[in-house]
1. By what distance, in whole Å, do the Cα atoms of the chain stretch along each of the three principal axes, largest value first?
2. Using DSSP to call loops (not H, G, I, E or B), can you name the trypsin sites (Lys or Arg not before Pro) in the range 334-406 whose Cβ has at most 14 other Cβ atoms within 10 angstrom?
3. Can you list, bin by bin at 10 Å, the percent of alpha carbon pairs in the range 167-305, starting at 0?
4. Can you send over the carbon and sulfur percentage of the accessible area for the range 84-181, probe radius 1.4 Å, protein chains only?
5. Under the Karplus relation 6.51 cos²θ - 1.76 cosθ + 1.60, θ = phi - 60°, what is the ordered set of whole-Hz ³J(HN,Hα) values for the range 320-335, x standing for Gly and Pro?
6. Quick one: angle between helix 261-273 and the longest Cα principal axis of the chain, in degrees between 0 and 90, rounded to 10, please.
7. Got a sec? Which residues in the range 371-388 would a label at Arg353 touch, if it sits 7 Å along Cα→Cβ and we count backbone N under 19 Å?
8. May I ask you to list the aspartates and glutamates whose Cα is less than 12 Å away from that of Lys344, ignoring any residue fewer than eight positions away on the same chain?
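The values are calculated or read from the model by the stated rules, or taken from the named source; none is laboratory data. Predicted model only: the values in this text are computed from it and were never measured. In this analysis, Cβ positions are derived from the backbone assuming ideal geometry, glycine residues included, and neighbour counts consider all displayed protein chains. These area figures cover heavy atoms from the full protein model, side chains too; ligands, DNA and RNA do not enter into them. Shrake-Rupley method; radii C 1.70, N 1.55, O 1.52, S 1.80 Å.
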Amino acid sequence: MNATRMAPLLALAAGLLPAAHALAQQPAPGLAATPQMGWNSWNRFACNIDEKLIRETADAMVKLGLKDAGYVYVNIDDCWHGTRDENGNIRPDPQRFPSGMRALADYVHARGLKLGIYSDAGATTCGGRPGSRGHEYQDAQTYAAWGVDYLKYDWCDTKGLNAAGAYTTMRDALRATGRPILFSICEWGDNKPWEWAPDIGNSWRTTGDIYPCWDCEYSHGSWSSWGVMRIVDKQAGLRTHAGPGHWNDMDMLEVGMGMTEEEDRAHFSLWAMLASPLILGNDLRTMPDATRKILANRDAIAISQDPLGVQAWKFLADGQLEYWARPLANDEWAVLVLNRGSQKAHGRFDWSRHDISDDFSKRALDTKKTVYRWHDAWTGKRGATAQPLDLDLAPHGVTLLRLTKN
Ligand code: GLA
């Protein structure tokens, strides 16, 4: 049995799954058993997209080894739309997508990848293109006929709509197509989607948009985008709502979008620890190898894709240092130490002096009873919990360890 198919069983064994009937309500049972991995056009290209970019991105994903590392979805965000025809059927922008979406889906599928698309619960998208309000079933049928595998569904222009109701309508419309289409809710956390979305979508955004900075708020006037630390801080208290098939989405990655390498590594590690979808947001065609290495790090990805599907929690904050733990399948653990500060940090972490136990998963990392060996995802260093961990962290640096029983 492969890891994806095993995930719900492991989670069930650990008592972490909601009732079976709840999962059965999802758009297509079995999707996103681990957090979805792929790429999306928005962070780097915004509305400046066309079919050539999508094809070249699919090619780059294969050529650069990202497909082999686990990335599957190639997602077109806002602004692919043209107008509706006289029967209300949505059409792609004829200048930017002259070959049509079916041809693009075929191109992506021929490379063993999947195609994602974007719409909005309101009458218009955030980019002012036609939204799906009043066309939900029709649009879902169109996407299925095109061979679309993933729908990101946004929340602009939705005055008067009830969020749970609007997302339920689109979930039901997707289900009615009979095609498994991953349903990615993008409601920015405004109506606490973690409370109502686990049986509606495969993931739900928990915050407003991300911005490629460490700890800033970037104001657009009536709304703000958030740096990596701001988004991490907004996850407090949400972990018990997520699990296989239904994830907290911390927004698409900003790795390779202008932060330092240390910050990129920390950002990627935190998204992996918190079981957020890993949706790349940079230009894959031109990225430097240093960025590619971060995105393709097998150890970090294995933590993200752990079949138990339990999100990490912060078990200790000590000045500028934060310590996070994530229980993994087969009695393994992941531990992350983050230096939030802008100065180098040195420290010693004595495992035996800390009680790391999780009420949610009922797991405990008891290094007094059991010695774990550890392996650092970024440096390859190895050690064991019998000795204190010597920390030497760059500003905004991270240590990411996988712990295995001896
Ligand atoms: C919203 C979403 C973004 C992106 C844009 C597109 O801001 O949160 O992720 O999809 O709309 O207009």
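1. Per principal axis, max minus min of the Cα coordinates gives 71, 45, 42 Å.
2. Lys344, Lys362, Lys368, Lys369, Lys381
3. P(r) for the range 167-305, in whole percents per bin: 12, 39, 34, 14, 1.
4. 46 percent
5. These are the phi-based 3J(HN,Hα) values: 7, 9, 10, 10, 10, 10, 9, x, 10, 4, 6, 6, 8, 9, 10, 10 Hz.
6. Helix 261-273 sits at roughly 80 degrees to that axis.
7. From the range 371-388, the list is 372, 384-388.
8. Cross-link targets: Glu262, Asp392.
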